[in-house]
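Below is one structure, written out as structure tokens; comments come after it.
The values are calculated or read from the model by the stated rules, or taken from the named source; none is laboratory data. As the structure is a prediction and not an experimental result, all values here were calculated from the model. A quick note on method: Cβ atoms are made from the backbone with ideal geometry, for glycine too, and the neighbour counts reach across all protein chains shown. Ligands, DNA and RNA are stripped out before the accessible areas are found, and what is left, the full protein with its side chains, is counted by its heavy atoms. Shrake-Rupley method; radii C 1.70, N 1.55, O 1.52, S 1.80 Å.
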Amino acid sequence: MAKSVSMLVVALVVLFVLKLTCSSRDDIHIPTTLDGPFKPFTKPLDKSFRGNAIDLPPTDPRVQRTVQGFEPEQVSVSLSSTYDSVWISWITGDFQIGDNIQALDPKSVASFVQYGMLRFPLIHQATGYSQVYSQLYPFEGLKNYTSGIIHHVRLRGLKPNTLYYYQCGDPSIPAMSDIYYFRTMPDSNHRSYPSRIAIVGDLGLTYNTTSTVSHMISNHPNLILLVGDVSYANLYLTNGTGADCYSCSFPQTPIHETYQPRWDYWGRFMQPLLSKVPIMVVEGNHEYEEQAENKTFVAYSSRFAFPYKESGSPSTFYYSFNAGGIHFIMLGAYISYDKSGEQYKWLKRDLAKVDREVTPWLVATWHPPWYSTYTAHYREAECMRVAMEELLYQYNVDIVFNGHVHAYERSNRVYNYTLDPCGPVYITIGDGGNREKMAITHADEDGNCPKSSSTPDKILGGFCAFNFTSGPAAGKFCWDRQPDYSAYRESSFGHGILEVKNETHALWTWHRNQDLYNSAGDIIYIVRQPEMCPAEAKVNKNKL
């Protein structure tokens with residue numbers, strides 16, 4: 001009898017699992033942005049899940065160095081501006097940290113890639129360039145750092161949507177990597193798109209990060225966008241002592257220190273994924289990393305390959321690229337963005353060159369959000385919004401992805417704080433799982449509204465965030481309820497997946513870490529209406 005009951009229980013479990021895995025999204029109604037604007041909704045905080053926001057220690061096998069001598073490690077793939085070219089990056093030689101360090105000679109090891117459509121033989125070859133960067137401090141007692149040799153090699157003449165195998169290193173030593181593979185992006189036209197693009201922000205290297213990455217891998221992305229805040233090396237002193245809040249724990253340090261080995265730990269942990277799936281990164285505030293001679297963002301600019309030259313940009317802080325029928329614009333929030341600056345001029349040129357017949361979808365990303373209702377960083381990027389929002393609206397940007405706020409939020413279509421069917425959908429996805437933990441309080445809740453004096457602009461100087469002059473929040477700095485432009489918000493760690501289906505429909509799903517792999521915390525079709533919202537539309541409404 002007991003055996004029969006057990007068998008029955010097993011059978012029911014199997015049927016339940018089959019139902020979960022076999023049921024298609026066609027069986028449920030998925031809302032679209034055409035159904036909106038949606039009534040603002042806040043998912044109640046799950047107090048039982050605050051996350052294990054503890055960094056992986058240096059002793060974790062996933063972050064330790066496993067190669068010998070000058071064998072490649074921290075191997076990664078990045079896209080160029082078009083499908084027929086990618087960048088392969090890696091590091092050879094170990095970093096040094098201490099009082100007496102001597103930088104490795106970048107010319108001592110070749111930057112060489114063999115590649116082809118067959119695993120053997122790899123019939124194509126390419127060479128690139130190498131560099132070493134240092135993080136130096138002009139204060140006694142702080143440990144200096146110099147990196148291993150960082151290599152970047154650009155592969156050209158690739159076919160669209162094609163699997164390539166590659167091996168990198170220096171064959172003369174010999175010191176070559178294992179054979180890895182990647183798939184190129186589809187050709188740019190209105191009918192071809194990457195199958196799944198993972199979007200993640202504020203990732204760090206905690207046990208929550210490992211959960212986020214594991215969930216992300218289970219969704220089989222063929223491109224990853226990291227919208228700023230990568231390793232969180234700047235939450236550590238140079239002696240390796242870390243804290244959730246640097247300024248709280250180390251208020252007396254003469255300069256904001258960083259512990260650069262955390263970058264190497266991050267690169268080693270991510271290699272199994274990034275050696276196969278291209279990653280595109282934009283800088284966040286945790287990449288600032290001030291050092292001697294007022295140098296900043298050195299690790300960020302050195303460790304990743306950016307198609308900034310290919311896209312006509314003079315800076316690694318902002319660039320663009322195509323992925324099938326999507327044109328991505330990566331903007332810098334920590335470099336001048338006023339209308340007289342180089343970034344604004346580049347953005348205007350780049351937008352003017354976009355052919356919406358070829359790349360119908362226009363997606364923009366930068367780190368701090370313009371439309372977030374959380375207390376953390378509330379209206380912090382207002383000067384950037386004032387400078388650039390009208391231009392993005394004129395060219396009919398479809399979706400904007402941001403990080404910085406450690407929670408999830410999706411907006412209704414909005415322009416200038418006003419519901420607008422031609423405005424972008426703004427998605428805050430800064431919930432990758434870093435050590436600083438989740439954002440849980442909202443600015444519209446009683447007693448939570450920050451003072452306007454807490455939002456100085458760090459780039460242009462002065463203040464741009466003032467009390468609203470019209471609408472439901474007129475005369476106030478914060479709304480007294482969840483704003484109309486906020487469609488859905490929830491405090492939880494996770495990542496998102498963007499699946500562009502055709503020139504008008506894209507499926508967006510947000511996945512919480514604590515949920516089953518095949519479930520979504522938020523799901524919606526984002527629908528373009530190019531006939532109603534033509535690009536370069538004249539902006540003459542919704543002025544505050």
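A474 fulfils the conditions (1) open to solvent by 10 Å² or more (accessible area, probe 1.4 Å); (2) at negative phi; (3) within 21 Å of the chain's Cα centre (by Cα) except for a single criterion, (3).
Within the range 348-363, the set of residues being within 25 Å of K501 (Cβ to Cβ) and among the hydrophobic types (A, V, I, L, M, F, W, C) comprises L351, V354, V358, W361, L362, V363. Is it fair to say P37 is at pLDDT 95 or above, open to solvent by 50 Å² or more (accessible area, probe 1.4 Å) and over 30 Å from V425 (Cβ atoms)? Criteria not met by P37. Per the listing I459, I429, the residue uniquely buried (at least 22 other Cβ atoms within 10 Å of the Cβ) and within 26 Å of M330 (Cβ to Cβ) is I429. Considering the range 191-210, and only residues there that are touching a strand residue (DSSP E or B) at 6+ places or on another chain (Cβ under 9 Å) and open to solvent by 10 Å² or more (accessible area, probe 1.4 Å), the residue that is farthest from T66 (Cα to Cα) turns out to be Y193. The test for being over 24 Å from Y308 (Cα atoms) and open to solvent by less than 30 Å² (accessible area, probe 1.4 Å) holds for T146. Annotation: of all residues in the range 151-174 being outside any strand (DSSP E or B) and among the hydroxyl-bearing types (S, T, Y), the one that is nearest to H215 (Cα to Cα) is T162.
Residues in the range 394-415 that are touching a Lys or Arg at 6+ places or on another chain (Cβ under 7 Å) and open to solvent by 10 Å² or more (accessible area, probe 1.4 Å): H406 alone. Annotation note: of E490, E503, E499, the sole residue that is at pLDDT 95 or above, more than 22 Å from I326 (Cβ to Cβ) and of a type outside the set (S, T, Y) is E490. In summary, strands (runs of 3 or more DSSP E) completely within the range 49-146 and bearing 1 or more residues that are more than 22 Å from A233 (Cα to Cα) occur at 73-79, 86-92, 112-116, 124-127, 129-131.
Within the range 253-273, residues that are free of Cβ contacts under 8 Å to residues at least 24 places away in the same chain and in a loop (DSSP other than H, G, I, E, B) reach partners that are open to solvent by less than 40 Å² (accessible area, probe 1.4 Å) and not hydrophobic (A, V, I, L, M, F, W, C) with beta carbons closer than 9 Å, at six or more positions or on different chains, in the pairs T253/Y246.
So that you can scan it fast, the table gives a plain yes or no per residue for (1) under 24 Å from A387 (Cα atoms); (2) touching a Ser or Thr at 6+ places or on another chain (Cβ under 7 Å):
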| site | (1), (2) |
| --- | --- |
| G432 | no, yes |
| E445 | no, no |
| S454 | yes, no |
| F463 | yes, yes |
| Q482 | no, yes |
| R489 | no, yes |
| G494 | no, yes |
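Among the residues making up the range 434-448, those that are in contact (Cβ under 8 Å) with a residue 60 or more places away in the chain and not charged (D, E, K, R) are N434, M438, A439, I440, T441, H442, A443, N448. When H151 is tested against (1) touching a residue at least 40 places away in the same chain (Cβ under 8 Å); (2) crowded, with 19+ Cβ neighbours inside 10 Å; (3) out of contact with any Phe, Trp or Tyr (no Cβ under 6 Å at 6 or more places or on another chain), just one condition goes unmet, and that condition is (3). Screening the candidates I224, I279 for the property of being open to solvent by less than 10 Å² (accessible area, probe 1.4 Å) and under 22 Å from R410 (Cβ atoms) yields one hit, I224.
The residue of the range 508-522 that is most open to solvent (accessible area, probe 1.4 Å), among those that are out of contact with any helix residue (DSSP H, G or I) (no Cβ under 8 Å at 6 or more places or on another chain) and outside any loop (DSSP other than H, G, I, E, B), is R512. K451 meets the conditions (1) touching a Lys or Arg at 6+ places or on another chain (Cβ under 9 Å); (2) open to solvent by 20 Å² or more (accessible area, probe 1.4 Å); (3) among the basic types (K, R) in every case but one. The failed one is (1).
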